[in-house]
Amino acid sequence: MTRWLLAYTIILIALAASAFASPPPDADPSLAPWFNGLMDPQTNRSCCGAADCRPTENRIRDDHYEVLVDNQWIPVPPGKVLKRTDNPTGQAVLCWSKILGVMCFVPGTGA
């Protein structure tokens, strides 16, 4: 019974977090299929949707990417970097949430 309650609680938290997420005001709805197709390379599951992904400032420090989140540079785990050549935004894209942290990162076309 305890295991079931824990699973139910986790599902509710995840649903609540996604319910409050919304795409940025300047989001292009035609890009939603691309965002929804981003897959976590470690789990092969969807990283997130367009509501969790944003163009971001990024830099390379030592041997890893860092992204700007809430005016702080945070490291991108190497396993979360997607090697995609079809980035329609041209900019670096970060899929991130306060609960899960970095879910996926797609470098910009210039990186």
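The values are calculated or read from the model by the stated rules, or taken from the named source; none is laboratory data. Predicted model, so just to flag it, every value in this text is computed and none were measured. Neighbour counts are summed over all protein chains in view; Cβ atoms, including those assigned to glycine, are modelled from backbone coordinates with ideal geometry.
For region 58-85, a residue qualifies if it is of a type in the set (D, E, K, R), closer than 15 Å to Pro41 by Cβ and out of contact with any strand residue (DSSP E or B) (no Cβ under 8 Å at 6 or more places or on another chain), and exactly one does: Lys83. Tell me which residues, restricted to region 76-92, are in a loop (DSSP other than H, G, I, E, B), closer than 13 Å to Met39 by Cα and hydrophobic (A, V, I, L, M, F, W, C). Answer for region 76-92, where residues must be in a loop (DSSP other than H, G, I, E, B), closer than 13 Å to Met39 by Cα and hydrophobic (A, V, I, L, M, F, W, C): just Leu82. Within region 62-72, how many residues are surrounded by 13 or more Cβ atoms within 10 Å (Cβ to Cβ) and over 12 Å from Gly101 (Cα atoms)? The qualifying residues number 3. Whenever a residue of region 83-97 is among the small types (Gly, Ala, Ser), its partners that are at pLDDT below 85, lying with C-beta atoms within less than 7 angstrom and at least six residues away or across chains, give the pairs Gly90/Thr109; Ala92/Ala111; Ser97/Ala17; Ser97/Asp52. For region 101-111, filtered to residues that are in contact (Cβ under 8 Å) with a residue 40 or more places away in the chain and assigned to a loop (DSSP other than H, G, I, E, B), the residue that is farthest from Thr43 (Cα to Cα) is Ala111. When Ala14, Ala27, Ala51 are checked against the criterion of being surrounded by 15 or more Cβ atoms within 10 Å (Cβ to Cβ), among the small types (Gly, Ala, Ser) and either within 18 Å of Val102 (Cβ to Cβ) or at pLDDT 90 or above (or both), Ala51 stands alone in meeting it.
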